[in-house]
1. Across region 114-157, which residue is farthest from E199 (Cα to Cα) among those that are part of a strand (DSSP E or B) and free of Cβ contacts under 8 Å to residues at least 60 places away in the same chain?
2. L264 is checked against (1) farther than 26 Å from D160 by Cα; (2) in contact with a strand residue (DSSP E or B) (Cβ under 6 Å, 6 or more places away or on another chain); (3) not basic (K, R) and fails just one. What number does that condition carry?
3. Name the pairs: first residue in region 234-252 and farther than 23 Å from G146 by Cα, second residue of a type in the set (K, R) and at pLDDT 95 or above, Cβ to Cβ under 9 Å, at least 6 apart or on different chains?
4. Surrounded by fewer than 18 Cβ atoms within 10 Å (Cβ to Cβ) and charged (D, E, K, R), is that true of D219?
5. For region 36-46, indicate whether the set of residues that are in contact with a strand residue (DSSP E or B) (Cβ under 6 Å, 6 or more places away or on another chain), within 17 Å of S101 (Cα to Cα) and either of a type in the set (F, W, Y) or in the same structural domain as M99 (by TED's automatic domain parsing) (or both) is non-empty.
6. I'd like the residue in region 131-148 that is surrounded by 14 or more Cβ atoms within 10 Å (Cβ to Cβ) and small (G, A, S) and, out of all such residues, is farthest from T273 (Cα to Cα).
7. Could you pull out every one of the strands (runs of 3 or more DSSP E) wholly within region 1-99 that has 1 or more residues that are hydroxyl-bearing (S, T, Y) and at pLDDT below 90?
8. Does region 158-190 hold any residues that are among the hydrophobic types (A, V, I, L, M, F, W, C) and either under 19 Å from W267 (Cα atoms) or not in a helix (DSSP H, G or I) (or both), and which are they?
Amino acid sequence: MSDGNTSTLLADLGGTNVRFALAGDTVAAPLRLDSVRRYRVKDFASLADAAQQYFADTGERAQHAVIAAAGRIAEGETVKVTNNPWAIVAHVLQAKLGMASVRLVNDFAAQSMAVPLLAADALVPVGALGAPALHQPRAQTFVVMGPGTGLGVAGLLWRDGQWIVLETEGGHAGFAAHTTEDVEILHRLNARFGRVSNERMICGNGLVNLYLALADIADQPAEEYTPEDITARAENGSDPLCVRTVETLAGIFGSVAGDLVLTLGGWDGVYLTGGVLPFLLPWLHHGGFRERFEAKGRFRETMERVPTLAIVHPEPGLLGAAAIALRAMGRSLVCDHP
């Protein structure tokens, strides 16, 4: 059991699940993996209720908290979680849990801050390029992005010996069609939603949106599939349209990732993460991800030199929240990296 007077509760809150853990106190061991627990958002009325259940289940306690939430943090104090019914106010949560401090951060701020702490075995290259060396004397800029219940996007900057996160809602930027099929998909989703963001396709429910659009394009009857149905049939190859759906998502994912490099100046690399990534990873290797990532016209040669890496750490959101907690304690995040 931890010392509740010094321990920091970590939370990684998405649209479907919330994960809790306790922070370690060193860069070598920033996250207590044995303390990780996952709960379904729909089973609790509030984050405070879920946190209290975590403490009851584990016998742990904490005086501080870092909450990484999937939504825009307003004035550092409040967040209405995207794709999730909970609204969180830091001082209210602090009072309910009897804590000395509660800090709210965007979930992809946490995902980004995990990058400096990732070991070599937590990264898988997508494409021929390996992992970049971090902590260079020069400035570095990276993109951190990935699909879960929604699509998260952040920039990670190395400037003057410090890591800085650029928090964004880039997943809600409008989708840019690049191929004839993209245009046909866009027409159908625009008819359904009025406005089509990147998140409408690159997330769990995006699989369903793409499946329905591709079925209509092919003039095939569409089944009432869930995202899990589509992924299962794609993996076993039993439904060609499901296979095509996942291949299409992988290609669009690559296109959007490349656009973000151009937008944020992320020439040093892209880190891919998110709850849907473990399933998508094989499709990124053999699908059209890198081709569409690099297909940026006059910038193709430049894009060919930008590495894309999948984060395969089991809890990058919690690891990043732990990094934020360590930095609040004045600890340096500079450590050995591949």
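1. Among those residues, the one meeting the criterion is L157.
2. For L264, the exception is condition (1).
3. These pairs meet every condition: D239/R233; L241/R233.
4. Yes; evaluated as a whole, the condition is true for this residue.
5. The answer is no; no qualifying residue exists.
6. A131
7. 78-80
8. Passing the criteria: W158, W163, I164, V165, L166, A173, F175, A176, A177.
The values are calculated or read from the model by the stated rules, or taken from the named source; none is laboratory data. Just so you know, these numbers come straight off a predicted model, no measurement behind them. Backbone-built Cβ (ideal geometry, glycine too); neighbour counts: all protein chains shown.
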